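The values are calculated or read from the model by the stated rules, or taken from the named source; none is laboratory data. Note that the structure is a prediction, hence the values are computed from the model and not measured. Positions of Cβ are backbone-derived with ideal geometry, glycine not excepted, and every protein chain shown enters the neighbour counts. Protein only, heavy atoms only, side chains kept; ligands, DNA and RNA dropped before computing areas. Shrake-Rupley method; radii C 1.70, N 1.55, O 1.52, S 1.80 Å.
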Amino acid sequence: MIQLDAQARAAIQLVAGLRAQVAAKETQISAMRSFATGENPELQMAEQELAGLRSQEEKMGAASEGTTNALIPKGNMQESGIEYVRRLRDVKYFETVFELLARQYEVAKVDEARQGAVVPNRR
């Protein structure tokens, strides 16, 4: 049985959360580009936030998918333990992406409900 220490578990959650934030921000920017120009201040701010998140990823050594989390020491872990850590990281990543996108979806539904449906007046 493999048990992760608190530091390894925290590192996995941190990296997964950061990757999920990057994915959510990319989705938000993609959606904003459908209605906003490059000079839109909100779009520019979102792009700057994305750049900041990506630089944090690089600092943590988590930017590339093919690499093992740089924060987790590999010296004492067997290959099965490393695979377990990778899978756990992926699960945490997808959980966080789902939560962030679900929140964005709910906000979009509320915004759409506020705007209401425009029904043309036929006379």
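Kindly evaluate A117 against the criterion of being loosely packed, with under 10 Cβ neighbours inside 10 Å and either touching a helix residue (DSSP H, G or I) at 6+ places or on another chain (Cβ under 8 Å) or at pLDDT below 80 (or both). Before the answer, list the steps.
Details: loosely packed, with under 10 Cβ neighbours inside 10 Å: yes; either touching a helix residue (DSSP H, G or I) at 6+ places or on another chain (Cβ under 8 Å) or at pLDDT below 80 (or both): yes.
Considered against the rule, which asks whether it is loosely packed, with under 10 Cβ neighbours inside 10 Å and either touching a helix residue (DSSP H, G or I) at 6+ places or on another chain (Cβ under 8 Å) or at pLDDT below 80 (or both), A117 comes out as yes.
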| task | Tell me, yes or no, whether the stretch 61-84 has at least one residue that is on the phi < 0 side of the Ramachandran plot, modelled with pLDDT of 80 or more and open to solvent by 70 Å² or more (accessible area, probe 1.4 Å). | result | no
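In the stretch 8-39, which residues are farther than 21 Å from A108 by Cα and among the polar types (S, T, N, Q)? Lay out the reasoning, then the answer.
First, the residues of the stretch 8-39 that are farther than 21 Å from A108 by Cα: 8-19, 38-39.
Listed by number, the list holds a single entry, Q13.
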| Which listed residue, of I29, I12, is open to solvent by less than 90 Å² (accessible area, probe 1.4 Å), under 20 Å from R86 (Cβ atoms) and over 11 Å from the mean Cα position of the chain (by Cα) | I12
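Does E42 fit the bill of being at pLDDT 85 or above, over 13 Å from the mean Cα position of the chain (by Cα) and exposed (fewer than 12 other Cβ atoms within 10 Å of the Cβ)? It would help to see each step written out before you state the result.
Numbers: at pLDDT 85 or above: yes; over 13 Å from the mean Cα position of the chain (by Cα): yes; exposed (fewer than 12 other Cβ atoms within 10 Å of the Cβ): yes.
Yes; evaluated as a whole, the condition is true for this residue.
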